[in-house]
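The values are calculated or read from the model by the stated rules, or taken from the named source; none is laboratory data. Because the structure is a prediction, the values reported are computed rather than measured. When we count neighbours, we look across all protein chains shown, and the Cβ atoms used for this are built from the backbone with ideal geometry, even at glycine. When the accessible area is computed, the model is the full protein with side chains, heavy atoms only, and any ligands, DNA or RNA have been set aside. Shrake-Rupley method; radii C 1.70, N 1.55, O 1.52, S 1.80 Å.
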Amino acid sequence: MQGKRGLIMGLANDRSLAWGIAKQLAEHGAELAFSYQGEALERRVRPLAEQLGQDFLIECDVADMAALDQAFATLKARWETIDFVVHAIGFSDKNELRGRYYDTSLDNFLMTMNISVYSFTAVAQRARAMMTPYDPETGKGGGSLLTLTYYGSEKVVPHYNVMGVAKSALDTSVKYLAMDLGPENIRVNAISAGPIKTLAASGIGDFRYILKWNELNSPLRRNVTIEDVGGAGLYLLSDLASGVTGEIHHVDAGYNVIGMKAEDAPDI
Ligand code: NAD
């Protein structure tokens, strides 16, 4: 990643999936900017960025298009171009991440879709404008966009509810964006991470049960870590994945391939 620059969106603390990815990128020489939502988070994000030798922080609430424009203008004022963006952002009212999907309200449906789905497309529009134009002769130019999704977009997971519907739309956005931006050598992918205890995950009802179920039933018989996610993030954002786009890459200890409870899994 030496010589590459990119924006990390969605770092909240040292348990964030964005932190797992940022650590690997920095270790491999990438230069990073971080966007955070609100002053309270800046106090958490700044020391983490400093740990990686980075000092470029930008405030941005992705529900606000003017704030997104401002964030990319700030980025452009310091860096002429960027090579990648990590979008590790999702949000829904936690009162609707318990009980049934059936009870979802219109207001929360729209807010969840706006912050967790549309924001990735809004980011893609602004990031594209900062990527070096692709030159097919030399193969240089373009870039890579990465978002984070979850298996609840493919199958019903208890309490994931409207977030599952949002992640399905996010997965499909990845594919449409990959097609639209492919001719410019901008690759668009998602990591579908297994359950990990983070701030966002703590809003999901009975998350401990989901964690335990995945640990007992996935082929690797464990849960994944932010380091597992970071390794895959590094691959997808680097030139090693130069032929990969539109991909929903599972980093879930293999959980998505199973069809039944493991024979050796105890009852929980
Ligand atoms: P996290 O709480 O560490 O990160 C979520 C981030 O979203 C926070 O930094 C928060 O500030 C940001 N955010 C929310 N609303 C925002 C807004 N309006 N503007 C800007 N930022 C906003 O939790 P995480 O689990 O690391 O979540 C990152 C991504 O990973 C999310 O998309 C989540 O759905 C996805 N994911 C998480 C898991 C898991 O089990 N933790 C599994 C699969 C996918």
Check: Rounded to the nearest 5, what % of the DSSP beta bridges within the chain are antiparallel ones?
Finding: 5 percent
Next item on the list: Per residue of region 52-57, in order, report the coupling 6.51 cos²θ - 1.76 cosθ + 1.60 (Karplus, θ = phi - 60°) as ³J(HN,Hα) in whole Hz, putting x for Gly and Pro.
Entry: 9, x, 10, 9, 9, 10
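In a shell of Cβ-Cβ distance under 11 Å around Ala71, excluding Ala71 itself, what net charge do Lys and Arg (+1) and Asp and Glu (-1) give?
Numbers: positive: Lys76, Arg126; negative: Glu59, Asp61, Asp64, Asp69.
Summing Lys/Arg as +1 and Asp/Glu as -1 gives -2.
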Checklist line | Max mean-square fluctuation residue, GNM over the chain, Cα-Cα springs under 10 Å, options Ala67, Ala88, Ala178 | finding: Ala67
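Leaving ligands, DNA and RNA out of it, rank Tyr151, Tyr101 by accessible area with a 1.4 Å probe, largest first. Numbers along the way, then the final one.
Details: Tyr151 35, Tyr101 95 Å².
Heavy-atom accessible area, descending, gives Tyr101, Tyr151.
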Notebook entry, point to check: Helix 17-27 versus the longest principal axis of the chain: what angle, 0 to 90°, nearest 10, using Cα atoms?
Noted result: 40 degrees
Next item on the list: Take the Cα atoms of region 5-254, find their three principal axes, and give me the spread along each one in whole Å, biggest first.
Entry: 51, 38, 35
Note to self: Starting from 0.36 nm per residue, how many nanometres of slack lie between Arg44 and Ala169 once their C-alpha separation is accounted for?
What the structure shows: 42.0 nm
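Grab the Cα-Cα distance for Leu240 and Ala265, subtract it from 0.36 nm times how many residues apart they are, and report the gain in nm with one decimal.
On the way: separation 25, 0.36 × 25 = 9.00 nm, distance 3.65 nm.
Result for the pair: 5.4 nm of gain on full extension.
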Next item on the list: Choose one answer from Val188, Val174, Val257: the residue with the largest mean-square fluctuation in a GNM of the chain with alpha-carbon springs under 10 Å.
Entry: Val257
Notebook entry, point to check: Taking amide H positions as placed 1.01 Å from N in the peptide plane, with prolines and chain starts having none, which residues 5 or more places from Ile82, or on another chain, fall under 5 Å of its amide H?
Noted result: Met131, Thr132
Check: Rounded to a whole number, what % of the accessible area of the chain do carbon and sulfur atoms account for, probe 1.4 Å?
Finding: 52 percent
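Given charges of +1 on the Cβ of Lys and Arg and -1 on the Cβ of Asp and Glu, with all other atoms neutral, how large is the dipole of region 5-254 about its Cα centre, in debye to the nearest 20? Please report the intermediate quantities before stating the final value.
On the way: 23 positive and 30 negative charges, 135 e Å.
Dipole about the Cα centre, nearest 20: 640 debye.
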Notebook entry, point to check: By how many degrees, 0 to 90 and rounded to 10, does the Cα axis of helix 226-237 deviate from the longest principal axis of the chain?
Noted result: 40 degrees
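For the chain, what does the helix formula give at 222 nm: sum of -39500 (n - 2.57) over DSSP H segments with n ≥ 4, over the residue count, nearest 500 deg cm²/dmol?
On the way: 8 runs with 100 residues, N = 268.
Taken over the chain, the calculation gives -11500 deg cm²/dmol.
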Next item on the list: Give the accessible area for Tyr235 in Å² (nearest 10); use a 1.4 Å probe, count only protein heavy atoms, and leave out ligands, DNA and RNA.
Entry: 80 Å²
Notebook entry, point to check: Which parts of region 177-211 would a label at Thr81 reach, counting a residue when its backbone N lies under 15 Å from a point 7 Å out along Cα-to-Cβ?
Noted result: 184-187
Notebook entry, point to check: So, in Å, what gap is there between the alpha-carbon centers of region 155-196 and region 1-72?
Noted result: 21 Å
Next item on the list: Normalising by the residue count of region 5-254, find the relative contact order in percent from Cα pairs under 8 Å and 6+ residues apart.
Entry: 21 percent
Note to self: At 1.4 Å probe size, what's the solvent-accessible area of Ser105? Round to the nearest 10 Å².
What the structure shows: 40 Å²
Next item on the list: Select from Asp61, Asp14, Asp135 the residue whose mean-square fluctuation is largest in a Gaussian network model of the chain (Cα-Cα springs shorter than 10 Å).
Entry: Asp135
Checklist line | Proximal lysine pairs, region 5-254, alpha carbons under 21 Å, eight or more residues apart or interchain | finding: 13
Notebook entry, point to check: If you add up the charges near Leu181, with Lys and Arg at +1 and Asp and Glu at -1, over every other residue whose beta carbon is less than 11 angstrom from its beta carbon, what do you get?
Noted result: 0
Note to self: Rolling a 1.4 angstrom probe over the protein chains, ignoring ligands and nucleic acids, what is the accessible area of Phe109 in square angstrom, nearest 10?
What the structure shows: 60 Å²
Notebook entry, point to check: Out of residues 5 or more away from Phe56 or on other chains, whose amide H comes under 5 Å of its own, with H placed 1.01 Å from N in the peptide plane?
Noted result: Phe34
Item checked: Cut-off of 10 Å, at most 15 other beta carbons, DSSP loop: longest stretch of the chain lacking such GluC sites (Glu not before Pro) -> 138-262
Check: Along the charge dipole of the chain, which of Leu48, Tyr150, Val257 sits closest to the positive end, that is, farthest toward it, with unit charges on the beta carbon of Lys, Arg, Asp and Glu (+1, +1, -1, -1)?
Finding: Val257
Notebook entry, point to check: In degrees from 0 to 90, rounded to the nearest 10, what is the angle of the helix 161-181 Cα long axis to the longest principal axis of the chain?
Noted result: 30 degrees
